[in-house]
Amino acid sequence: MIPVCRLEDLPEGGSVRIDTAPPIAVFHADGELYAIDDTCTHQDASLSEGWVEGCLVECPLHEASFDLRTGRPTCLPARRPVRTHRVTVDDGVVHVHPAAEEGSAA
């Protein structure tokens with residue numbers, strides 16, 4: 001579990017990047033908190049720098065869009081999903097629980 005920030009420091013529509021390997025982006029969108037891998041699966045762009053609308057984030061490079069709830073792309077040019085991660089809030093602090101990478105023994 002990785003502490004990210006205080007909940008009040010992540011306003012609605014905002015995002016924050018965690019410098020893990022691979023990096024994770026945490027979004028406060030549509031009244032919920034979501035965490036996904038921060039790198040677009042189409043090309044190496046930071047999704048935390050993208051545009052959020054509802055539960056979707058649009059990649060800042062080529063406008064690929066991902067559903068923050070599932071990590072699935074909603075339009076081309078992205079074809080592969082990004083991993084999603086569980087988010088919790090404990091005593092006002094946002095935490096991310098990184099999902100295991102494929103092929104890892106986590």
Residue 93 fails exactly one of the following numbered conditions: (1) surrounded by 14 or more Cβ atoms within 10 Å (Cβ to Cβ); (2) closer than 18 Å to residue 31 by Cα. What is the number of that condition? (1)
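Identify all residues within the stretch 52-87 that are assigned to a strand (DSSP E or B) and closer than 12 Å to residue 28 by Cα; write none if there are none. Don't jump to the end; show me each part of the working.
At the first step, the residues of the stretch 52-87 found to be assigned to a strand (DSSP E or B) are 52-53, 56-58, 65-67, 73, 84-87.
Listed by number, the residues that qualify are 52, 53, 56, 57, 87.
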Please specify each residue of the stretch 12-38 satisfying the condition of being open to solvent by 10 Å² or more (accessible area, probe 1.4 Å), closer than 11 Å to residue 66 by Cβ and not aromatic (Phe, Trp, Tyr). 37
Condition first: open to solvent by less than 10 Å² (accessible area, probe 1.4 Å) and touching a residue at least 24 places away in the same chain (Cβ under 8 Å). Now tell me which residues in the stretch 39-75 satisfy that. 40, 47, 57, 64, 66, 68, 71
The one condition in (1) over 11 Å from the mean Cα position of the chain (by Cα); (2) at pLDDT 95 or above that residue 57 fails to fulfil: (1)
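The values are calculated or read from the model by the stated rules, or taken from the named source; none is laboratory data. A quick note: this is a predicted structure, and the numbers were derived from the prediction, not measured. Here Cβ is always computed from backbone atoms with ideal geometry, including for glycine, and neighbour counts include all displayed protein chains. Ligands, DNA and RNA are excluded from the accessible area calculation, which covers all protein heavy atoms including side chains. Shrake-Rupley method; radii C 1.70, N 1.55, O 1.52, S 1.80 Å.
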